[in-house]
Each structure stands twice: as C-alpha cells, then as structure tokens.
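The values are calculated or read from the model by the stated rules, or taken from the named source; none is laboratory data. The shown structure was predicted, so the numbers you read here are calculated from the model rather than taken from an experiment. Here Cβ is always computed from backbone atoms with ideal geometry, including for glycine, and neighbour counts include all displayed protein chains. When the accessible area is computed, the model is the full protein with side chains, heavy atoms only, and any ligands, DNA or RNA have been set aside. Shrake-Rupley method; radii C 1.70, N 1.55, O 1.52, S 1.80 Å.
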Amino acid sequence: MIFLYTAAALTTDNQVLSHPASVDTIPTSANVEDHVSMGCTAALKARAILDNVERILALELMAAAQGIDFRKQVIGAQARLGQGTGAAYRLVRGLVPFIDADTVMYPYMEAVYRVVTDGSLVAAVNGAMEAVANPS
C-alpha cells in the first residue's frame, strides 16, 4: 500500500504544480508594469512535475515486478514476458528483490528511480527490442 500512497501524493503534488504560473503575475513598479514573466517559475514547476513523474514510474515498475512474481507463483513456467518487458523486469529485479515481508522501501525506490532518470531502463528495453528486430 505504501506505493499507492506515495504515488497518490506525488500525483496530487503534480495537480497543484500544474496551476498556471501566469495567474500569479502581479503589477510591479508602482503599477507601471503589469506584465512580469513567469517563465522561470513555470520552468521550475515543470521540472518538479517531471521529477514526480519519474518517481511514480519507479513505483509502478516495482509494483509491476512484484505482480509478475505473484503471477509466476500462480501459473508457473507458463508465465512469459515480452522482450522489452522482460528486460525491464530483469533490471528492476536486479535492484529490488521479491518483497515478502515488511521492509524499508526507500532504498529500493531510489535505486529504481535512478535507472529511470539515468536512461538505463530505456537502454535495457531498447537493447532487448533491437536484438529482436536484428537477430544475429
């Protein structure tokens, strides 16, 4: 459940951050100038939203890996993943073990967040898909 709470909180934060920066402009110079660029504020908000989305993706990847393992327990060896999904699963499972008891999740969340942000996840999936498209 901690994934759900964390993702919901990050999503709510994104809703607040998506409020247009332009509505916050106020007159300056004794009301002589009524236009103030809010570009910097908008960019900072966009960067915060992107960070939240990357964290949500990390949580979703962890939850998906856990779900895949539960499915494997039910249907056994018949459980198969696609090439790209399999690559993402293996990368996540290389960082996060199957969770079968209460544990501190933060280190795992940060590890998966790093592979989302540094491009490792995309590289792993693209590499797997390229191998399928161009077999040697």
Quiz item: Has region 45-65 got at least one residue that is on the phi > 0 side of the Ramachandran plot and modelled with pLDDT under 95?
Solution: no
In region 61-81, anything touching a residue at least 60 places away in the same chain (Cβ under 8 Å) and touching a Phe, Trp or Tyr at 6+ places or on another chain (Cβ under 8 Å) is listed as Ala63
Filtering region 69-86 for residues that are open to solvent by less than 40 Å² (accessible area, probe 1.4 Å) and touching a helix residue (DSSP H, G or I) at 6+ places or on another chain (Cβ under 6 Å) leaves a count of 2
Apart from one, (1) in a helix (DSSP H, G or I); (2) modelled with pLDDT under 95; (3) of a type outside the set (Asp, Glu); (4) closer than 23 Å to Leu10 by Cβ all hold for Ala88; the odd one out is (2)
- So is Pro27 in contact with a strand residue (DSSP E or B) (Cβ under 9 Å, 6 or more places away or on another chain), farther than 16 Å from Met109 by Cα, at pLDDT below 85 and loosely packed, with under 15 Cβ neighbours inside 10 Å or not? yes
Is it true that Tyr89 is surrounded by 14 or more Cβ atoms within 10 Å (Cβ to Cβ) and among the aromatic types (Phe, Trp, Tyr)? yes
Out of (1) under 20 Å from the mean Cα position of the chain (by Cα); (2) outside any helix (DSSP H, G or I), the one Leu81 does not meet is (1)
- Determine if region 98-118 includes at least one residue that is under 21 Å from Leu50 (Cα atoms), open to solvent by 40 Å² or more (accessible area, probe 1.4 Å) and part of a loop (DSSP other than H, G, I, E, B). yes
